[in-house]
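The values are calculated or read from the model by the stated rules, or taken from the named source; none is laboratory data. Here the structure is a predicted model, which means the values were calculated and not measured. Note that we place each Cβ from the backbone using ideal geometry, even for glycine, and neighbour counts take in every protein chain shown.
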Amino acid sequence: MKIARLACALALLPLAALAHHGWSEYDSSKLLKLTGRIQAAGYEHPHGYIKLVVPGKTWHAVLAPPSRMEARGLPRDALKAGVEATVEGYANRSKPEEMRAERIFIAGKTVELR
């Protein structure tokens, strides 16, 4: 019985790996700093996100997992539509509207996301 459970768990590992993306798709050689208003936000697994409206563009900023954001002082209710935020991070190499946020400046504080 234990062997069958182990075999089943090992068979599902590739699916879990596909569900989470690697960070190599982001260009870590060019740090972006963007300030704008939050249009929408998600506080969900595997990573939270915000849609940040800046002059001329709306960015999808990938944040940290909810448990890390909560532990570091960024609760769900801080990410409200209309709130001004600044994010520092790296642009996705193939999705020009997406970035991986390293930190967020919101409500007078800085939260390290990585």
For this session: Working carefully through the options Asp27, Asp77, find the one that is surrounded by fewer than 19 Cβ atoms within 10 Å (Cβ to Cβ) and part of a strand (DSSP E or B).
Result: Asp27
Problem set entry | Glu88 vs. criteria in a loop (DSSP other than H, G, I, E, B) and either under 10 Å from the mean Cα position of the chain (by Cα) or of a type in the set (Asp, Glu) (or both) | no
Seminar exercise, completed: Those residues of the stretch 45-74 that are among the hydrophobic types (A, V, I, L, M, F, W, C) and surrounded by fewer than 15 Cβ atoms within 10 Å (Cβ to Cβ) come to a total of 2
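Rundown of residues vs (1) at pLDDT below 95; (2) touching an Asp or Glu at 6+ places or on another chain (Cβ under 6 Å), yes/no style:
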| site | (1), (2) |
| --- | --- |
| His20 | yes, no |
| Gly36 | no, no |
| Ala40 | no, no |
| Tyr49 | no, no |
| Leu52 | no, no |
| His60 | no, yes |
| Arg76 | no, no |
